[in-house]
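See below for the structure under consideration.
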Amino acid sequence: MKVFVNGYGFLGKLLARELMDHRVSGVKLVGVARSSGYVHRDEGLSPDDLKGDLSDSEVFTKGSALSLIREGAFDVLVELTPTNLPSAEPGLSNIRAALSNGIDVVTANKAPIALRYRELTDLASSAGKLLLFDSTVGGGIPLITLRRLCMRGDDLLSIRGILNGTTNYILSRMQFEGLTFELALREAQNLGIAERDPSLDVNGYDTALKLLILANSLMGLDRGLEDVRVAGITRVTQEAVAAARESNMSVKLIGSVDGEGKLLVAPRLVKANDPLCVHGTLNAVTFRFRIARDLTLIGHGAGEPTVSSLLNDLHQVVEFRLRGATSA
Amino acid sequence: MKQRVRLTCALIDRPGTLLKVLEQIALAGGNIISIVHNREIITSGYVPVSINVEFPDPQSLERARKGIEGVGVPVMGAESLEKEMAMAIVVGGVRLDSLLSELESRGYRVIESSTRGYGEALTVKLLMEVPADRISKLHDDLASIAERHGALAISEV
């Protein structure tokens, strides 16, 4: 199975290394792309192709990899370009082109899935292709796979969780070190936990996108960003965090969807003994099922653990294709 | 799940009307706990009556409500008698007396309130008694009040 990784930043490099180490049986890495160009070898990349910034490779080609996608030059696209709002580009066009040209898609790019969920899943369904996106939410926590593979007989009634590690780190530092929001943010930026432009995280929109993905894919809803009531953490003060702490609670940025399909992102008070009350960069999500009741998953929501979800999604593609070959 | 509610009805001041209401409650499976029927208060020919009832489930309450209205008696309210305690924090330049009166008017009883900071950093901590059937509405209500004051509401999950 020929795999092409589109997006050669932190995640793309880690994933490419794993694939070069043959961590997914039956998978061959045939190309990677960054914004300035791509390397592609139909027989599989050599380690030399991935040295430096790709441009040193003898097969480096300037420009976008979209033409390769349109040619159907590989079997699976791993779409890892950055999340852009409100356009969701270039990821949206890449995924559309891949599915339309017989290519399965695995992606960690939130925007296309959050903003065009119905369109893209309909396209995948009509093309008979897979569109897997477990790595868009919760990093290494298998939220979507868990629901789809392990809880199929149950009804999912509601979801709530900490879906953004950056804001959880900032709020934790405010709680345990008494830092102001501004100081905690600067510290997070210095440590590489927060981006230079942290607005998507601290204003709550990263959480809103992830919540939309969970609500639409796991609860069968058809909601857009305009349906989410969003409040970020920029106005959370030291005084508020201290007042919560006095009552054995923590202020956490919580994304929630209730049984009526109401979507909310807001700083909330979480009791210290609630399993959701995790600190630092951890994520935690509580699913409420009709039969199984509450199920909480905790884990690292970004960075390297995300590669674990990407690899699992690639394994699912391999198994799907093998089943297809067997049934044929 | 059992529900204890206070049904408030507006009865026409005519013999037998209260009996019709009680029949509808019994038919729906409600167990009457107490009745306050103050015939000295008559407004436009109507007498308010408060009936505390335990229903076996929310569907029974709805059946009783429809039954009562079906015999021509308006149901003015059905307030839960089950209460939960909830904490909340409001951050921003909100006036405490105004915040408290708006919360009370929406059925939230503020048990304790304290403030710290000032101006935009003013932080109000509230402990409230909330009717069980309004607990899921608390965040929306608090957020809309806070937004009107240019403040941020932080409620319990």
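Relative contact order, whole percent, for chain A stands at 18, derived from Cα pairs under 8 Å and 6 or more residues apart.
Percentage of Cα-Cα pair distances in chain B greater than 23 Å, rounded to whole percent? Cα-Cα pairs in chain B separated by more than 23 Å: 49 percent. Counting other Cβ atoms within 10 Å of each Cβ, which trypsin sites (Lys or Arg not before Pro) in the stretch A:226-328 have at most 15 and sit in a DSSP loop? In loop regions of the stretch A:226-328 (DSSP not H, G, I, E or B), the sparsely surrounded trypsin sites (Lys or Arg not before Pro) are A:Arg290. Listed by Cβ neighbour count within 10 Å, with the fewest neighbours leading, A:Phe10, A:Phe4 appear as A:Phe10, A:Phe4. Take every pair of alpha-carbon atoms less than 8 Å apart whose residues are at least six positions apart; their mean separation over the length of chain B yields a relative contact order of 24 percent.
Tell me the angle of helix B:138-148 to the major Cα principal axis of chain B, expressed in degrees between 0 and 90 and rounded to the nearest ten. Long axis of B:138-148 versus the principal axis of chain B: about 50 degrees.
The Cα trace of the stretch B:3-80 gives Rg and Dmax of 11.5, 34 Å, the first to one decimal, the second as a whole number. Binning at 10 Å from 0, report for the stretch A:144-300 what percent of all alpha-carbon pair distances ends up in each bin. Reading the bins upward from 0: 11, 41, 33, 13, 1.
Between 0 and 90 degrees, the angle of helix A:117-127 with respect to the longest Cα principal axis of chain A falls at about 30 degrees.
Under the criterion of Cα pairs below 8 Å and six or more residues apart, the relative contact order for the stretch B:3-80 equals 49 percent.
When you work out D = kT/(6 pi eta Rh) for the stretch B:83-155 at 20 °C and 1.002 mPa s, using the Kirkwood radius from C-alpha pairs as Rh and the Stokes-Einstein form, the result is 180 µm²/s.
Kirkwood radius, chain A, all distinct C-alpha pairs, inverse of mean reciprocal distance: 20.5 Å. Would you mind checking the tilt of helix A:181-190 against the longest principal axis of the Cα atoms of chain A, expressed as 0 to 90 degrees and rounded to 10? For A:181-190 against chain A, the angle is about 30 degrees.
No lab work stands behind these numbers, since they all come straight from the coordinates. Keep in mind it's a predicted model, so treat the numbers as computed, not measured. Please note: Cβ atoms are built from the backbone with ideal geometry, for glycine as well, and neighbour counts cover all protein chains shown.
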